[in-house]
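Asks: Let me give you the structure first, and then I'll get to my questions.
The values are calculated or read from the model by the stated rules, or taken from the named source; none is laboratory data. From a predicted model like this one, the values you see are computed outputs, not experimental measurements. Here the Cβ positions follow ideal geometry from the backbone for every residue, glycine too, while neighbour counts run over all protein chains shown.
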Amino acid sequence: MTDTSEQGAAGPESASTESGFRPLTRSERRNIWLKEYGAQDFALQAWARLVEKQNLEIEVMFQMHGLLVFGTMVSTEAYAQFYINLHEEMYREQEPETADFLREYYTALIPSPEQPEIGPEGLPVVFRYAHLRDVTMMSAGHKVKVPYWRGKIGEIDGFVIGASAGE
């Protein structure tokens, strides 16, 4: 058992040292960013930035983990608004607490319009997710259609702008 009087005399600095947690320095954050950004496809990041910042909608095909994912790339706000509206219809009358929770969740996904182009590392913000509307996923001859899709940009192996699934 530790003597609390010794711990109090040592000050809060020793408590954080003992626990092993401390805030990351700017150079550590920068190194983490460089590692993450280095693994990104710069062209796909540029398209994601255009979609988010200028509210563009772009027909795309993503290849990831053996799947082909076709759809229209949309902003996080468009994706979130679809699900906010859907859950309002589903839950507002019978389960208003659930509707409120889901509204808060999806609203929190939407980046602030004042979000800076440059993050705390002093480097450009990395987009982590892509959102598609009117989606067709294909794998081994099977097709699945869904209204919206959210996927990790870092998991996308390849992409084509202007591609459609055809019918």
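Asks: Given the conditions (1) crowded, with 17+ Cβ neighbours inside 10 Å; (2) part of a helix (DSSP H, G or I), report the number of the one that PHE70 does not fulfil.
Replies: (2)
Asks: Another question about this same structure. Considering only residues that are surrounded by 13 or more Cβ atoms within 10 Å (Cβ to Cβ) and acidic (Asp, Glu), look in the stretch 75-132 and name the one that is farthest from LYS145 (Cα to Cα).
Replies: Per the criteria, the residue is GLU121.
Residues are listed down the side, and each one gets a yes or a no for (1) modelled with pLDDT under 90; (2) more than 16 Å from the chain's Cα centre (by Cα):
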position	(1), (2)
GLU13	yes, yes
SER19	yes, yes
ASN31	yes, yes
ALA39	yes, no
LEU44	no, no
MET61	no, yes
ALA78	no, no
ASN85	no, yes
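Asks: Based on this model, can you work out whether PRO147 counts as out of contact with any Pro (no Cβ under 8 Å at 6 or more places or on another chain), more than 23 Å from LYS53 (Cβ to Cβ) and touching a residue at least 60 places away in the same chain (Cβ under 8 Å)?
Replies: On the way: out of contact with any Pro (no Cβ under 8 Å at 6 or more places or on another chain): yes; more than 23 Å from LYS53 (Cβ to Cβ): yes; touching a residue at least 60 places away in the same chain (Cβ under 8 Å): yes.
Spelling it out, PRO147 is indeed out of contact with any Pro (no Cβ under 8 Å at 6 or more places or on another chain), more than 23 Å from LYS53 (Cβ to Cβ) and touching a residue at least 60 places away in the same chain (Cβ under 8 Å).
Asks: Here is a further query. Looking only at the stretch 133-142, count every residue that is more than 10 Å from GLY71 (Cα to Cα) and touching a strand residue (DSSP E or B) at 6+ places or on another chain (Cβ under 6 Å) and tell me the total. Give the steps one after another, and end with the answer.
Replies: Here is the first cut: in the stretch 133-142, the ones more than 10 Å from GLY71 (Cα to Cα) are 138-142.
This time we only want the ones that are touching a strand residue (DSSP E or B) at 6+ places or on another chain (Cβ under 6 Å), so: 138-139.
The qualifying residues number 2.
Asks: I've got another one for you. Go through the residues of the stretch 109-120 one by one and say whether even a single one is among the acidic types (Asp, Glu) and modelled with pLDDT of 85 or more. Step through it out loud before you land on a result.
Replies: First pass over the stretch 109-120, keeping only residues among the acidic types (Asp, Glu): 114, 117.
From what's left, modelled with pLDDT of 85 or more: none.
Looking for residues that are among the acidic types (Asp, Glu) and modelled with pLDDT of 85 or more, one finds none in the stretch 109-120, hence no.
Asks: Counting only residues that are in a strand (DSSP E or B) and of a type in the set (D, E, K, R), which one in the stretch 103-153 is farthest from GLN45 (Cα to Cα)? Break it down stepwise before answering.
Replies: Applying the first criterion (in a strand (DSSP E or B)) to the stretch 103-153 yields 118, 124, 129-139, 142-152.
Next cut, of a type in the set (D, E, K, R) only: 133-134, 143, 145, 150, 152.
Values: ARG133: 18, ASP134: 21, LYS143: 27, LYS145: 25, ARG150: 15, LYS152: 12 Å.
Restricting to residues being in a strand (DSSP E or B) and of a type in the set (D, E, K, R), the top hit is LYS143.
Asks: While we're on this one: Take TYR129 and decide whether it is among the hydroxyl-bearing types (Ser, Thr, Tyr), over 26 Å from ARG26 (Cα atoms) and under 22 Å from the mean Cα position of the chain (by Cα). If you could, list the steps in order and put the result at the bottom.
Replies: Details: among the hydroxyl-bearing types (Ser, Thr, Tyr): yes; over 26 Å from ARG26 (Cα atoms): no; under 22 Å from the mean Cα position of the chain (by Cα): yes.
Answer is no for this residue.
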